[in-house]
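The values are calculated or read from the model by the stated rules, or taken from the named source; none is laboratory data. Note that the coordinates shown come from a computational prediction; the quantities given were computed from them, not determined experimentally. In this analysis, Cβ positions are derived from the backbone assuming ideal geometry, glycine residues included, and neighbour counts consider all displayed protein chains.
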Amino acid sequence: MPTQNTPHSYGAVSKTFHWLTALLILTLIPLGWFANQLPFETDAELTRKAWLFSLHKTMGVLAFFVALMRILWAVCQPKPALLHPERRMESFAAEMVHWLLYGALVIVPLSGWISHAAAAGFAPIWWPFGQGLPLVPKSTGLEHAASAVHWASTKLLILSVLLHIAGALKHHLIDRDATLRRMLPGTAAIPDVPQAPHSALPRTAAVVLWACAFGLAFLLNSGKDHAPAAAPALAEVSSDWQVDQGELTLSVTQFGSVVAGAFADWTAEITFDAGITTGTVGSVRAIISIPSLTLGSVTDQALGADFLDASSFPQAIFVADIVKVSDGYDAIGTLRIKDVTMPVTLPFALSLRGNQAEMRGDLTLNRRDFNIGQNIADEATLGFDVALKITLTATRQGAD
């Protein structure tokens, strides 16, 4: 069997690419569907779901590179002639489906990869080159947009595969010609069929169908609300020191990868006397809106009943005295999350410039202390520690 194509038959390389691609597609489609259906309430369920998604993503990356090599090989080779060029509608459908398949082989895995790269956390790709992609930022909006393209293009891929299989079976069982046999191993007896000119209509029709798929993806993405769970905005507070701006971020480790997020809505009522150099120098009462949390691809899980239970406990409250210590300040008090109140000490650094203050603090909590994710008991699946980082700038009120 020759390595390269001829005007009438496919070579060994083309056949290998064809059947490897078929194997990947027929594995990836049911694997992705099955992984989506699995629950993830318990430690074992989450581990199994993530393992299957990692397998799906890793095989998807492989499929992307196989597709690129297949397409590059195809453009360098003669395309064997259709065995029945006189059947114009059949020839049109066959070529259109081939163009649909070529597009799907690139768009489906690439859109899934972009969605993964834009997200934070859950089910890493099993390879040593990192989880990101050049020019792809961490963005929930981009993640959902790419995911919508992945969903819509997968449906077009499935349709194309079914039409491709139906056509091959029709040629083999009804026409009894060599269309399928010339893609099988070995050398099939191929009649001498003259090359027919290839029309641009099949490519145009494929482009139109892909435009429809992208339009469907746009509608799906625009019709979804990707904002955090709805919750009333926290009321502004009156304070001796008014917060001008600030961030409250957190990070957890899931399956060995750090997942970072932030609370978009929180308030802090602060008293502080810079003239006191020892002991208690002020106080703070902070309220955090739990539904305002975004945590990458696991936001919904984090806000669910087994974790922060945002619908039942929409606020966390931190109340503390500010105490001067040798290397900065400690906020010593209690933190209430859900229905659990724990003693907490938040060390922080403070920079004062007249009536302006800049504060930076770090705190590590154990999620189990607050009954968060008790069903995930394996730290390799979900780390126990939750790292919080608080930064803010504030202005003293009533100052001349």
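Quick notes on this one:
- Any hit, the stretch 103-115, residues being more than 23 Å from L142 (Cα to Cα) and either assigned by TED's automatic domain parsing to the domain that holds T204 or at pLDDT below 95 (or both): no
- Among the conditions (1) surrounded by 19 or more Cβ atoms within 10 Å (Cβ to Cβ); (2) part of a helix (DSSP H, G or I), the only one that G121 does not satisfy is (2).
- Taking the listed residues T249, T299, the one that is at negative phi and buried (at least 19 other Cβ atoms within 10 Å of the Cβ) is T299, with no other qualifying.
- When A74, A81, A117 are checked against the criterion of being farther than 25 Å from D300 by Cβ and in contact with a helix residue (DSSP H, G or I) (Cβ under 9 Å, 6 or more places away or on another chain), A74 stands alone in meeting it.
- Contacts under 8 angstrom Cβ, first residue in the stretch 331-356 being more than 16 Å from I390 (Cβ to Cβ) and at pLDDT 95 or above, partner of a type in the set (D, E, K, R) and outside any strand (DSSP E or B), 6 or more apart: K338/D309; V340/D369; M342/D369
- Residue within the stretch 250-268 that is in contact (Cβ under 8 Å) with a residue 24 or more places away in the chain, over 23 Å from A387 (Cα atoms) and hydroxyl-bearing (S, T, Y) present: no
Here's the yes/no breakdown for (1) among the polar types (S, T, N, Q); (2) buried (at least 16 other Cβ atoms within 10 Å of the Cβ):
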position	(1), (2)
L220	no, yes
L234	no, no
V258	no, no
D265	no, yes
T271	yes, no
G279	no, no
G304	no, yes
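Table: residues versus (1) buried (at least 18 other Cβ atoms within 10 Å of the Cβ); (2) among the β-branched types (V, I, T); (3) touching a residue at least 24 places away in the same chain (Cβ under 8 Å); (4) in a helix (DSSP H, G or I).
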{"residue": "P39", "(1), (2), (3), (4)": "no, no, no, no"}
{"residue": "T47", "(1), (2), (3), (4)": "no, yes, yes, yes"}
{"residue": "P80", "(1), (2), (3), (4)": "yes, no, yes, no"}
{"residue": "H84", "(1), (2), (3), (4)": "no, no, yes, no"}
{"residue": "F92", "(1), (2), (3), (4)": "no, no, yes, yes"}
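- For the stretch 366-383, the criterion of being over 25 Å from the mean Cα position of the chain (by Cα), touching a residue at least 60 places away in the same chain (Cβ under 8 Å) and outside any helix (DSSP H, G or I) is met by no residue.
- Residue within the stretch 67-76 that is modelled with pLDDT under 95 and either touching a strand residue (DSSP E or B) at 6+ places or on another chain (Cβ under 7 Å) or assigned to a loop (DSSP other than H, G, I, E, B) (or both) present: yes
- Residue match in the stretch 150-169 (condition: over 26 Å from W19 (Cβ atoms) and assigned by TED's automatic domain parsing to the domain that holds N36): yes
- Checked against the criterion of being among the charged types (D, E, K, R), part of a loop (DSSP other than H, G, I, E, B) and exposed (fewer than 13 other Cβ atoms within 10 Å of the Cβ), the stretch 135-143 contains not a single residue that satisfies it.
- Residue under evaluation Q4, criteria (1) of a type outside the set (A, V, I, L, M); (2) in a helix (DSSP H, G or I); (3) not assigned by TED's automatic domain parsing to the domain that holds L169, criterion not met: (2)
- Within the stretch 306-320, the only residue that satisfies the criterion of being β-branched (V, I, T) and crowded, with 17+ Cβ neighbours inside 10 Å is V319.
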